[in-house]
Amino acid sequence: DLSSSSTPNLASFSKAYMAIDLPYVTSPVHQQALYKALDEGKLGEALREASRKIGLETLMFSEFGYRNFVAASKPLTDAKSLMNLKVRTTDSPVEVAVATELGMNPAPIAWGETYTALQQGTVDAEGNTFSLLNDAKHTEVLKYAVNSEHNYSMHVLLMNKKKWDSLTPEQRKILREAAKEANDWQRKESVVLEEKAWQAFRDRGIKIHMLTDAERAELKAKTRPAYEKFAKEVPADILQLLEETQK
């Protein structure tokens with residue numbers, strides 16, 4: 001009846017979700033504005049309507065977080081340091097394009113095989129949230145990281161729309177209230193887990209390079225072609241609403 005799915009996976013069913021996955025479409029500085037637009041504003045309603053068109057009802061937009069590049073074999077600093085690295089990606093066309101624009105060699109590999117691939121040198125690097133990498137014990141094989149924050153993802157809790165429509169108004173109200181309560185908790189908890197992961201990286205001796213403004217601007221410029229390519233496939237109103245949260 002229900003499923004929590006990531007925006008890259010949902011993009012296979014509706015291009016509306018691809019807007020969230022575009023490189024540097026949002027940043028931590030504007031996080032609260034993004035939450036408000038999703039929970040109370042037109043952006044959230046537009047995404048809810050997109051889910052209805054594919055037979056689903058949206059209950060909440062939960063936090064996944066910002067992906068950072070990490071490596072097992074080579075120090076990561078600026079855009080140049082990423083070039084020629086074989087990087088594990090999902091099969092998301094946006095993620096593959098971002099890696100390509102940065103001069104990396106994307107290798108779509110299943111998540112469950114990534115630890116071994118890094119360990120054996122099949123891939124040099126990957127991009128993910130520190131908290132997920134820490135939970136999956138990738139910190140055991142990683143040595144370098146950079147706070148690239150090049151991609152943001154959400155998880156969306158969805159319900160079969162026919163099932164939703166069969167519920168009474170009172171049942172729907174209960175689900176909406178429970179989803180809000182869960183969402184508020186989950187977002188706060190994700191901040192705690194991310195902070196713990198950063199400390200775990202430091203405790204493991206993983207060298208984290210903090211980008212300067214100039215270095216981050218270079219990454220944004222290099223990935224802009226990927227942004228522009230896939231922005232054409234995204235509903236214009238959703239992209240505009242998303243961009244308004246960044247002002």
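Short version: what are the Cα gyration tensor semi-axes of the stretch 128-247, square root of 5 times each eigenvalue, largest first, in whole Å? Don't skip to the answer; put the middle values down first.
Numbers: eigenvalues 227, 118, 31 Å².
Square roots of five times the eigenvalues give 34, 24, 12 Å.
Could you please tell me the mean projected area of the C-alpha convex hull for the stretch 1-68, averaged over all directions and given in square nanometres to one decimal? Intermediate results must be reported in sequence, preceding the final value.
Values: hull surface 18.9 nm².
With every direction weighted equally, the projected area is 4.7 nm².
Which one of Ser166, Ser73, Ser27 has the biggest mean-square fluctuation once the chain is modelled by GNM with Cα springs under 10 Å?
Ser166
Of the cross-linked pairs Lys80/Lys180; Lys36/Lys86; Lys163/Lys188; Lys80/Lys188, which ones have a Cα-Cα span greater than 32 Å in the structure shown?
Values: Lys80/Lys180 42 Å; Lys36/Lys86 37 Å; Lys163/Lys188 30 Å; Lys80/Lys188 35 Å.
The answer is Lys80/Lys180; Lys36/Lys86; Lys80/Lys188.
Give, in nm to one decimal, the length gained when the segment between Ser4 and Lys36 is fully stretched (0.36 nm per residue of separation minus the Cα-Cα distance). Don't jump to the answer; show the numbers that get you there.
On the way: separation 32, 0.36 × 32 = 11.52 nm, distance 2.02 nm.
Working it through step by step, the gained length comes to 9.5 nm.
Looking at the stretch 2-244, what % of its DSSP beta bridges pair antiparallel, to the nearest 5? Intermediate results must be reported in sequence, preceding the final value.
On the way: 22 of 31 bridges.
Antiparallel bridges make up about 70 percent of those DSSP assigns within the stretch 2-244.
On the principal axes of its Cα set, how long, how wide and how thick is the chain? Give whole Å, largest value first.
Dimensions of the chain along the principal axes of its Cα atoms: 56, 36, 30 Å.
If you stretched the chain out fully between Lys53 and Asp135, how much longer would it get, using 0.36 nm times the residue separation minus the C-alpha to C-alpha distance?
Numbers: separation 82, 0.36 × 82 = 29.52 nm, distance 3.49 nm.
Net length gain for the segment: 26.0 nm.
Can you tell me the 0 to 90 degree angle between the C-alpha axis of helix 111-120 and the longest principal axis of the chain, rounded to 10?
Once rounded, one gets 0 degrees.
About its Cα centre, how strong a charge dipole does the chain have in debye, to the nearest 20, once Lys and Arg get +1 and Asp and Glu get -1 at the Cβ? Can you show the working numbers first?
Numbers: 33 positive and 35 negative charges, 44 e Å.
Around 220 debye, computed over the chain.
Counting only residues 5 or more places away or on other chains, whose amide H sits under 5 Å from the amide H of Val25 once H atoms are built in the peptide plane?
Under 5 Å from the amide H of Val25 lie the amide H atoms of Tyr152, each far enough along the sequence or on another chain.
Which value in deg cm²/dmol, rounded to the nearest 500, describes the helix-derived mean residue ellipticity at 222 nm for the chain, given -39,500 (n - 2.57) per DSSP H run of n ≥ 4 and division by the residue count? List each step's numbers first, then the result.
Numbers: 12 runs with 127 residues, N = 247.
So the calculated ellipticity at 222 nm is -15500 deg cm²/dmol.
Taking the 0 to 90 degree range and rounding to the nearest ten, how far is the long axis of helix 213-231 tilted relative to the main principal axis of the chain, both from C-alpha atoms?
That works out to roughly 50 degrees.
Rounding to the nearest 20 debye, state how big the charge dipole of the stretch 40-179 is about its Cα centre with +1 on each Lys and Arg Cβ and -1 on each Asp and Glu Cβ.
Details: 17 positive and 18 negative charges, 61 e Å.
Result for the stretch 40-179 is approximately 300 debye, rounded to the nearest 20.
For the chain, with the dipole built from +1 on Lys and Arg beta-carbon atoms and -1 on Asp and Glu ones, taken about the Cα centre, which of Leu43, Ile109, Ser14 lies farthest toward the positive end?
Sorting the options by dipole projection puts first Ile109.
The numbers here are math on the coordinates, done by the rules we state, and not lab data. Everything numeric here is computed off the predicted structure, so don't read it as measured data. Every residue, glycine among them, receives a Cβ derived from its backbone with ideal geometry; neighbour counts consider all protein chains shown.
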